[in-house]
Amino acid sequence: MNETKKFRLAVIPGDGIGKEVVREGLRVLDHLAEESNGRFAFESDFFPWGCEYYLENGSMMDENGVEKLKDYDAIYFGAVGFPGVPDHISLWGLRIAICQGLDQWANIRPVEFLPGIPRRLNHPDVDSLNWVLIRENSEGEYSGVGGRNFSGRGPGKEVAVQSSLFTEHGCERIIRYAFDLARTRKRKKVTSVTKSNAQQYGMVLWDEVFVRVSKDYPDVETDQWLVDAMAAQFVLHPEELEVVVASNLFADILSDLGSALSGSLGIAASANLNPEGRNPSMFESVHGSAPDIAGKGIANPIGTIGSASLMLDHLGLTDESKRLDTAIEDTTRQGVLTRDLGGTYSTVQITDAIIKNLSEVK
Ligand code: ATP
Ligand code: MG
């Protein structure tokens with residue numbers, strides 16, 4: 001018998017429902033490993049980083065936390081943020097620190113319309129809609145350039161500056177990633193989203209790079225949109241969307257819109273990739289820690305389980321990833337839904353149903 005392929009996972013459950021949904025994702029992964037009959041296995045190390053850790057230690061993660069993650073095959077992440085810790089501290093102290101520290105510059109966010117879910121979108125082809133949002137994940141509006149108290153004029157007169165930083169290298173690699181991905185899809189099309197009529201430096205650079213790179217992909221259809229018009233397009237003509245590439249902030253906003261349209265924030269999966277494979281990539285749902293429903297056992301685990309599917313695909317377990325996607329679709333089709341989708345099932349029951357369906361999809 002061949003040797004078992006071992007994948008080392010760094011697991012960061014984080015805060016709120018992050019802990020609840022990551023536990024479910026790991027149950028699914030363990031099930032798949034078990035039924036692989038020794039073909040592969042997961043070895044998980046847990047990192048208790050997040051807001052509780054911050055309240056005890058004054059930082060969101062260990063001082064050399066990013067270094068500690070470097071040797072893993074992948075990172076599985078819950079969510080961060082909790083009342084009592086300002087969001088910019090929790091986000092910058094952990095999630096952004098990891099994404100930037102490990103150069104996970106491509107954030108992939110598929111928008112999929114699962115069966116059996118109440119439709120918020122009145123569209124004749126709603127069942128067959130799906131597109132992928134590619135978010136630039138290393139610079140742009142989240143570059144951290146700026147500061148407070150620029151006027152030096154004291155209380156009531158403060159001036160704060162928050163700059164965006166766009167590099168030609170950063171724009172080019174994410175735009176190329178989008179074109180390469182488009183080539184793997186049935187309809188080969190990339191839509192670029194900026195606001196270059198109002199943001200005349202960085203976003204104009206992005207537009208120029210987009211036009212230049214597109215010349216290397218004559219087989220791929222392109223279009224370019226302003227972000228405000230694109231928000232309307234998501235609702236009015238989503239059938240026109242295939243691969244959508246946008247800056248850090250714009251894609252962040254558009255992905256919440258996409259996931260809400262497809263049913264709930266709770267079902268959206270994402271991957272933060274270091275496409276060169278020098279560092280591990282990180283897999284997490286799009287939603288946050290949802291303090292309003294934390295601890296109740298009602299969080300939808302599908303976004304986090306779907307992120308596990310993206311992780312399987314990334315680790316080369318493509319058949320398992322496809323089977324998991326099918327098992328998730330079967331589960332929603334059967335009407336096994338959490339409250340955010342109008343159902344009554346608990347977090348644990350959704351996972352149980354997905355695992356049961358997995359045993360039936362071979
Ligand atoms: P962040 O700042 O981390 O993005 P947020 O303020 O956008 O967080 P979320 O935690 O994403 O907030 O939650 C937004 C809303 O969506 C809340 O009402 C929450 O209960 C709901 N929600 C988020 N995730 C889920 C989930 N997995 N299942 C059910 N409801 C969810
Ligand atoms: Mg949010």
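Scanning the range 131-141 turns up no residue that is closer than 30 Å to residue 176 by Cα and without any contact (Cβ under 8 Å) to a residue 24 or more places away in the chain. Restricting the first residue to the range 241-257 and requiring it to be free of Cβ contacts under 8 Å to residues at least 60 places away in the same chain, which pairs with a second residue that is within 12 Å of ligand 2 (Cβ to nearest atom) and part of a loop (DSSP other than H, G, I, E, B) meet a Cβ separation below 9 Å and a spacing of at least six or different chains? Short answer, once both residue conditions are applied: 256/268; 256/286; 256/287.
Only one of the listed residues (304, 326, 331) is assigned to a helix (DSSP H, G or I), closer than 24 Å to residue 353 by Cα and more than 16 Å from ligand 1 (Cβ to nearest atom). That residue is 326. Only residues that are at positive phi, among the small types (Gly, Ala, Ser) and more than 16 Å from ligand 2 (Cβ to nearest atom) were counted across the range 1-49, and they come to 1. State whether the residues of the range 277-295 include one that is aliphatic (A, V, I, L, M), more than 18 Å from residue 32 (Cα to Cα), away from ligand 1 (no atom under 13 Å from the Cβ) and not in a helix (DSSP H, G or I). Yes, the conditions are met somewhere in the range 277-295.
Among the residues of the range 346-356, those identified as of a type in the set (Ser, Thr, Tyr) and farther than 19 Å from residue 326 by Cβ are 346, 347.
Counting only helices (runs of 4 or more DSSP H) that fall entirely inside the range 171-272 and contain at least 3 residues that are closer than 21 Å to residue 303 by Cβ and within 16 Å of ligand 2 (Cβ to nearest atom), the qualifying elements are 248-261. Within the range 145-176, if we keep just the residues that are exposed (fewer than 12 other Cβ atoms within 10 Å of the Cβ), under 19 Å from residue 89 (Cα atoms) and not aliphatic (A, V, I, L, M), the residue that is farthest from the chain's Cα centre (by Cα) turns out to be 148.
Out of all the residues in the range 66-92, which are part of a helix (DSSP H, G or I) and modelled with pLDDT under 95? Don't jump to the end; show me each part of the working.
Of the range 66-92, the ones part of a helix (DSSP H, G or I) are 66-69, 87-92.
Correct list: 87, 88, 89, 90, 91, 92.
If the condition is being touching a residue at least 60 places away in the same chain (Cβ under 8 Å) and among the aliphatic types (A, V, I, L, M), then the range 217-240 contributes only 235. The residues of the range 1-51 that are part of a strand (DSSP E or B), touching a residue at least 40 places away in the same chain (Cβ under 8 Å) and among the small types (Gly, Ala, Ser), listed by number, are 10, 14. State whether the residues of the range 287-294 include one that is within 26 Å of residue 187 (Cβ to Cβ), within 16 Å of ligand 2 (Cβ to nearest atom) and within 19 Å of the chain's Cα centre (by Cα). Looking for residues that are within 26 Å of residue 187 (Cβ to Cβ), within 16 Å of ligand 2 (Cβ to nearest atom) and within 19 Å of the chain's Cα centre (by Cα), one finds none in the range 287-294, hence no. Among the residues of the range 13-38, just one is surrounded by fewer than 17 Cβ atoms within 10 Å (Cβ to Cβ) and over 23 Å from residue 328 (Cα atoms), namely 38.
Within the range 296-314, track down each residue that is touching a residue at least 12 places away in the same chain (Cβ under 8 Å) and either in contact with an Asp or Glu (Cβ under 6 Å, 6 or more places away or on another chain) or surrounded by fewer than 19 Cβ atoms within 10 Å (Cβ to Cβ) (or both).
Of everything in the range 296-314, those that are touching a residue at least 12 places away in the same chain (Cβ under 8 Å) and either in contact with an Asp or Glu (Cβ under 6 Å, 6 or more places away or on another chain) or surrounded by fewer than 19 Cβ atoms within 10 Å (Cβ to Cβ) (or both) turn out to be 297, 299, 300, 301, 307, 309, 312.
Please enumerate the residues belonging to the range 295-338 that are within 16 Å of ligand 2 (Cβ to nearest atom) and within 19 Å of residue 74 (Cβ to Cβ).
Filtering the range 295-338 down to residues within 16 Å of ligand 2 (Cβ to nearest atom) leaves 299-300, 303-304, 307.
Within the range 295-338, 303, 304, 307 qualify.
What residue, among those in the range 110-141 that are in a loop (DSSP other than H, G, I, E, B) and touching a Cys at 6+ places or on another chain (Cβ under 8 Å), is surrounded by the most Cβ atoms within 10 Å (Cβ to Cβ)?
Let us first name the residues in the range 110-141 that are in a loop (DSSP other than H, G, I, E, B), namely 113-125, 129, 137-139.
Still in the list and also touching a Cys at 6+ places or on another chain (Cβ under 8 Å): 137-138.
Details: 137: 27, 138: 23.
Filtering the range 110-141 for residues that are in a loop (DSSP other than H, G, I, E, B) and touching a Cys at 6+ places or on another chain (Cβ under 8 Å), the one surrounded by the most Cβ atoms within 10 Å (Cβ to Cβ) comes out as 137.
The values are calculated or read from the model by the stated rules, or taken from the named source; none is laboratory data. Everything quoted here is computed from the prediction, not taken from an experiment. As a convention, Cβ positions derive from the backbone with ideal geometry for all residues, glycine included, and neighbour counts pool all protein chains shown.
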